[in-house]
1. Which one is farthest from the chain's Cα centre (by Cα) among residues in the stretch 16-55 that are closer than 30 Å to Cys70 by Cβ, polar (S, T, N, Q) and part of a helix (DSSP H, G or I)?
2. If I filter the stretch 69-86 for residues that are within 18 Å of Phe112 (Cβ to Cβ), more than 16 Å from the chain's Cα centre (by Cα), open to solvent by 90 Å² or more (accessible area, probe 1.4 Å) and touching a residue at least 24 places away in the same chain (Cβ under 8 Å), do I get at least one hit?
3. The conditions are (1) open to solvent by less than 40 Å² (accessible area, probe 1.4 Å); (2) of a type in the set (A, V, I, L, M); (3) modelled with pLDDT of 85 or more, and Ala22 fails exactly one of them. Which is it?
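The values are calculated or read from the model by the stated rules, or taken from the named source; none is laboratory data. Computed from a prediction, not measured in an experiment: that's the story for all the values here. Using ideal geometry, Cβ is built from the backbone for each residue, glycine included, and neighbour counts are taken over all protein chains shown. All accessible areas refer to the heavy atoms of the entire protein, side chains included, with ligands and DNA or RNA removed. Shrake-Rupley method; radii C 1.70, N 1.55, O 1.52, S 1.80 Å.
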Amino acid sequence: MTFVIATGGVDLSVGAVMAISASVAALMINPYVLAKELPPNLLKLIYDPYFTYSPLWAVILVTLVIATVCGLWNGLLVAYGKIQPMVATLILMIAGRGIAQLITNGVRIQIFYEPYAFIGQAG
C-alpha cells in the first residue's frame, strides 16, 4: 500500500484481498470450523490452540500466492485493460468481499492456533 500511494496510485481492494487471504488461511488451519456436525472427538480440535490441519509455512505461502494473484489481476486490468486504477481496484474490492464470503459460507471464523496468532499480533 505504501508503494502504491508513494507512486501516486490508489488501491481500494486491500481489505478485500486481506479478507480472501484470511478466509483461505482460516480454512487451511482448521477446516472443521465449517462442518455442520462434528463427532465429539473432533469437536475439541476447533478450540485447540495447537491444532493445525496444514503446516504454518504452507498456510503463509498459499495466502501470499493468493494475494499476489489478486494484485496481478488488478495490474492486468490497469495495464492491459486500460481501466483506471480507482475503478479496477473498486472491482476487486466489491467482488473480493463476496469471494471471501463464498469461501467461508458467510460464517465468521475465529482461529485459536497460537503460532498464527503470534504472527498476527506481531509478537
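1. Ser23
2. no
3. Result: Ala22 fails condition (1) only.
Quick grid of which residues meet (1) open to solvent by less than 50 Å² (accessible area, probe 1.4 Å); (2) without any contact (Cβ under 8 Å) to a residue 24 or more places away in the chain; (3) in contact with a helix residue (DSSP H, G or I) (Cβ under 8 Å, 6 or more places away or on another chain):
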{"position": "Val59", "(1), (2), (3)": "yes, no, yes"}
{"position": "Ala67", "(1), (2), (3)": "yes, no, yes"}
{"position": "Leu90", "(1), (2), (3)": "no, no, no"}
{"position": "Ile94", "(1), (2), (3)": "no, no, yes"}
{"position": "Gly98", "(1), (2), (3)": "yes, yes, no"}
{"position": "Leu102", "(1), (2), (3)": "no, yes, no"}
{"position": "Asn105", "(1), (2), (3)": "no, no, yes"}
{"position": "Pro115", "(1), (2), (3)": "yes, no, yes"}
